[in-house]
Amino acid sequence: PDADAMGVNNKAEAFTLVQGRGRVLFVNNVEPPGGDILPQTLAAHGVELDVIHPTEMPGTLTRMQRYDAVILQNVSAEYVSPPQQRMLAQYVNNLGGGLVMIGGPES
């Protein structure tokens, strides 16, 4: 803890209201077999998700509206264009969509 230069980012709080089954967009840049672990686990627990490669990421807010959350697994900023980055910010700020970023060697 003493070596942590950004202690303020070690804690977060959030809440969400969910009606019905949600749908998650899982943007996966981890090759199988390791890249399948989290999506398969989520699906096994009843989470409905679409798994895509970063090159297939939607470019419009309209296409994002069908998802309640987006998970980016090991996705480099090189895969997410500046317009897509702005769209993701709008998705979270204006539509209340969830965004999870999971690190890795490419993220």
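The values are calculated or read from the model by the stated rules, or taken from the named source; none is laboratory data. Computed from a prediction, not measured in an experiment: that's the story for all the values here. Note that each Cβ is placed from the backbone with ideal geometry, even for glycine, and that neighbours are counted across all protein chains shown. Heavy atoms of the whole protein, side chains included, go into the accessibility calculation; ligands, DNA and RNA do not. Shrake-Rupley method; radii C 1.70, N 1.55, O 1.52, S 1.80 Å.
Restricting attention to the range 60-84, the residues that are closer than 23 Å to Gly104 by Cα and either part of a loop (DSSP other than H, G, I, E, B) or of a type in the set (S, T, N, Q) (or both) add up to 7. Only one of the numbered conditions (1) under 19 Å from Ser107 (Cα atoms); (2) open to solvent by 80 Å² or more (accessible area, probe 1.4 Å) is not met by Arg21, and that is (1).
A single entry from Arg66, Arg86 fulfils the requirement of being open to solvent by 70 Å² or more (accessible area, probe 1.4 Å) and either touching a helix residue (DSSP H, G or I) at 6+ places or on another chain (Cβ under 9 Å) or in contact (Cβ under 8 Å) with a residue 12 or more places away in the chain (or both): Arg66. Looking only at the range 50-59, decide whether some residue is hydroxyl-bearing (Ser, Thr, Tyr) and surrounded by 10 or more Cβ atoms within 10 Å (Cβ to Cβ). Within the range 50-59, none of the residues are hydroxyl-bearing (Ser, Thr, Tyr) and surrounded by 10 or more Cβ atoms within 10 Å (Cβ to Cβ).
Might you check whether a residue that is part of a loop (DSSP other than H, G, I, E, B), farther than 18 Å from Gly98 by Cβ and more than 14 Å from the chain's Cα centre (by Cα) occurs anywhere in the range 35-53? Within the range 35-53 (the criterion being part of a loop (DSSP other than H, G, I, E, B), farther than 18 Å from Gly98 by Cβ and more than 14 Å from the chain's Cα centre (by Cα)), the answer is no, since none of the residues qualifies. For the range 69-83, a tally of residues being of a type in the set (Gly, Ala, Ser) and either in contact (Cβ under 8 Å) with a residue 24 or more places away in the chain or open to solvent by less than 20 Å² (accessible area, probe 1.4 Å) (or both) returns 2. Note on the range 89-107: residues that are surrounded by 12 or more Cβ atoms within 10 Å (Cβ to Cβ) and over 15 Å from Val24 (Cβ atoms) amount to 4.
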